[in-house]
Amino acid sequence: MNYEKKIINKIKNIKNIYFFLIKLSKKLPIYPKKYKKKKFLIKECQTKLWLYLKFKKKKLFIISISESKIINGILYLIINIFKKKSYLEIINYNYYFFKKINLINLLSFNRYKNIINIINKIKKKTILFLKK
């Protein structure tokens, strides 16, 4: 079973999704201070969010952090969803997981839009990397 389906099954049995996301936020790796620069700051988000992408050996490595624990939990999910995907799978990602867990009804519209913007930014940067 892939990571997305495993988490979807887990979420189905959870009564408090927010508590689950806060718990996941604690698993997020420490964000290095050297990447807490303006150029890695995502301006569209309500709270400060930094996103650093590294392309190496046909894999994408994502490091990210937000001032919001709930968003950090979602970032943890995004990182784990993309870490085993090829560049082509990242570019063609269809938001399956986020639709399946009904994220639009769990978050405010602006927060949901920010998550989609983050995923789109990852997809765009992957396309730009492949064009080099």
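The values are calculated or read from the model by the stated rules, or taken from the named source; none is laboratory data. Being a predicted model, the structure only gives us computed values, none of them experimental. We place every Cβ from the backbone using ideal geometry, glycine too, and count neighbours over all the protein chains shown.
Worth pointing out:
- Being in contact (Cβ under 8 Å) with a residue 12 or more places away in the chain, farther than 19 Å from LEU49 by Cβ and of a type in the set (D, E, K, R) holds for only one residue in LYS84, LYS69, and it is LYS84.
- Condition check for PHE40: of a type outside the set (A, V, I, L, M), touching a Phe, Trp or Tyr at 6+ places or on another chain (Cβ under 8 Å) and either exposed (fewer than 14 other Cβ atoms within 10 Å of the Cβ) or over 26 Å from SER108 (Cβ atoms) (or both): no
- Of the residues making up segment 87-112, those that are within 16 Å of LYS48 (Cα to Cα) and free of Cβ contacts under 8 Å to residues at least 60 places away in the same chain number 1.
- Of the helices (runs of 4 or more DSSP H) that lie entirely inside segment 23-132, those containing 3 or more residues that are over 25 Å from ASN2 (Cα atoms) span 109-131.
Rundown of residues vs (1) surrounded by fewer than 12 Cβ atoms within 10 Å (Cβ to Cβ); (2) at pLDDT 90 or above; (3) farther than 25 Å from ILE14 by Cβ; (4) acidic (Asp, Glu), yes/no style:
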{"site": "LEU51", "(1), (2), (3), (4)": "no, yes, yes, no"}
{"site": "LYS59", "(1), (2), (3), (4)": "no, no, yes, no"}
{"site": "SER68", "(1), (2), (3), (4)": "no, yes, no, no"}
{"site": "GLY73", "(1), (2), (3), (4)": "no, yes, no, no"}
{"site": "PHE82", "(1), (2), (3), (4)": "no, yes, no, no"}
{"site": "ASN114", "(1), (2), (3), (4)": "no, no, no, no"}
